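Novice: Just passing along the structure, written as structure tokens.
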Amino acid sequence: MAVMKTDLTLEAAHSLLEKQGGQGRIPGVSLSERQVEGYTVTAVSVRTAYGARSLGKPRGTYITVDLAPYFQRQEGYFSRGVRCLAQELRPLLPALSEGASVLVAGLGNRSMICDAVGPMAVDHLLVTRHLIQTLPSRFSSLTSVAALAPGVVGQTGMETLEILAGTVRHVKPAAVIVIDALTAGSRQHLCATVQLSDTGLVPGSGVGNHRSAIDRKTLGVPVLAVGLPTVMAEGVLARELTGAPVPDDGTPLFITPRDVDSRVRELGRLLGYGINAALQPSLSVEDITGLLG
């Protein structure tokens, strides 16, 4: 049974359940919901090959954080959002031995705002690998973090996977975290949710621009993905608004919120801080701000 085309596993699961009349469950897939720091968090666990085929997603864990409290500007919305992301991201990381490094990569095109969340998140990362190597006695309490924003193939002539694979061979991180823009299947999720997963990702898959997969198989280390949906297909939106199917003329058009610029800039900062808090659990949001300043 086909499900909607979306990068968000939660949407794919809800779509499939809707096609089943809202009854029953998806074999090999479990869903759970909880509140973390006032944010609604939904976990989708794809446990079997059958479940993966049903949803069209790799086996693994997918966490979706609803950012409604953030844009409602509820009290402490930023600090609580950072702590929520950190609490959800940390369990997806492998156990880090002393001295182990984590590589964080902000994917996408900085010159195209709807694709710039990765590079913008990297701008707010606390990068520590060089500090620990230079002054280990002073910075040994911090996790070693390296970061890069590899751009896109049109800018570099190299696939993102090629750049990351070379970096991984040299840095030898214990894990890689990739940050990227995603495609949504509902306007309610545009620039309004964050998806975390332990499955890696395929850059550009949501807009039909498939690149090489970035995952444990291709890099040789665990790969976590942090994604923000910034676009959706015009036909998907039209169907959502009217309930009527829209003919596919073979020239897909993608749309994005009119305030995408401010949202991507804000949420790039939120994602960067959330990753910092996950990797540096001894630091508060205020500590991170001071060190980045």
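Novice: List every DSSP H helix in the chain whose Cα atoms extend 27 Å or more along the helix's own long axis and whose mean Kyte-Doolittle hydropathy is at least 0.0. Numbers along the way, then the final one.
Specialist: Numbers: long enough: 260-279 (28 Å, 0.22).
Length and hydropathy pass: 260-279.
Novice: Can I ask one more? Over all directions, what mean area does the Cα convex hull of region 102-202 project, stated in square nanometres? Working shown, then result.
Specialist: Working: hull surface 30.7 nm².
Hull-based average projected area comes out at 7.7 nm².
Novice: Per residue, how much space in cubic angstrom lies within the convex hull of the C-alpha atoms of region 145-184? Please report the intermediate quantities before stating the final value.
Specialist: Working: hull volume 3.4 nm³, N = 40.
Dividing the Cα hull volume of region 145-184 by its residues yields 86 Å³.
Novice: Hey, what's the per residue convex hull volume over the C-alpha atoms of region 32-155, in cubic angstrom?
Specialist: Details: hull volume 20.9 nm³, N = 124.
Each residue corresponds to 168 Å³ of Cα convex hull volume.
Novice: Using modelled backbone amide H atoms (1.01 Å from N, in-plane), which distant-in-sequence or interchain residues come within less than 5 Å of Val145's amide H?
Specialist: Val102, Thr128, Arg129
Novice: Can you give the accessible area per residue of the chain, in Å², using a 1.4 Å probe?
Specialist: Details: 13800 Å² over 293 residues.
Spelled out: the 1.4 Å probe surface of the chain, per residue, equals 47 Å².
Novice: Also: Keeping to pairs on different chains or 8 or more places apart, tell me how many lysine pairs in the chain have Cα atoms under 22 Å apart. Please report the intermediate quantities before stating the final value.
Specialist: Working: Lys5/Lys19; Lys5/Lys57; Lys19/Lys57; Lys57/Lys217; Lys172/Lys217.
Eligible lysine pairs with Cα atoms under 22 Å apart amount to 5.
Novice: DSSP loop (so not H, G, I, E, B), at most 10 other Cβ within 10 Å: list which GluC sites (Glu not before Pro) in region 54-141 pass both filters. Mind dumping the intermediate values first?
Specialist: Numbers: sites: Glu75, Glu88, Glu98; in loops: Glu75, Glu98.
Loop-located and lightly packed - Glu75, Glu98.
Novice: OK, next. Order 130-139, 177-186, 37-46, 214-223 from most to least packed using the mean count of other Cβ atoms within 10 Å. Mind showing how you got there, number by number?
Specialist: Details: 130-139: 12.0, 177-186: 25.6, 37-46: 19.8, 214-223: 17.9.
With the highest mean Cβ count within 10 Å placed first, the list reads 177-186, 37-46, 214-223, 130-139.
Novice: A further question follows. Stick to Cα atoms and the Kirkwood definition of Rh, then tell me Rg/Rh for region 14-97.
Specialist: Working: Rg = 15.3 Å, Rh = 14.5 Å.
We get a ratio of 1.06 for region 14-97.
Novice: Tell me, what % of the accessible area of the chain is carbon and sulfur with a 1.4 angstrom probe?
Specialist: On the way: 7150 of 13800 Å².
C and S fraction of accessible area: 52 percent.
The values are calculated or read from the model by the stated rules, or taken from the named source; none is laboratory data. All figures in this text were calculated on a predicted structure; none of them were measured in a lab. Glycine gets a Cβ as well: all are built from the backbone with ideal geometry, and neighbour counts include every protein chain shown. The accessibility values were calculated without ligands, DNA or RNA, using every heavy atom of the protein model including side chains. Shrake-Rupley method; radii C 1.70, N 1.55, O 1.52, S 1.80 Å.
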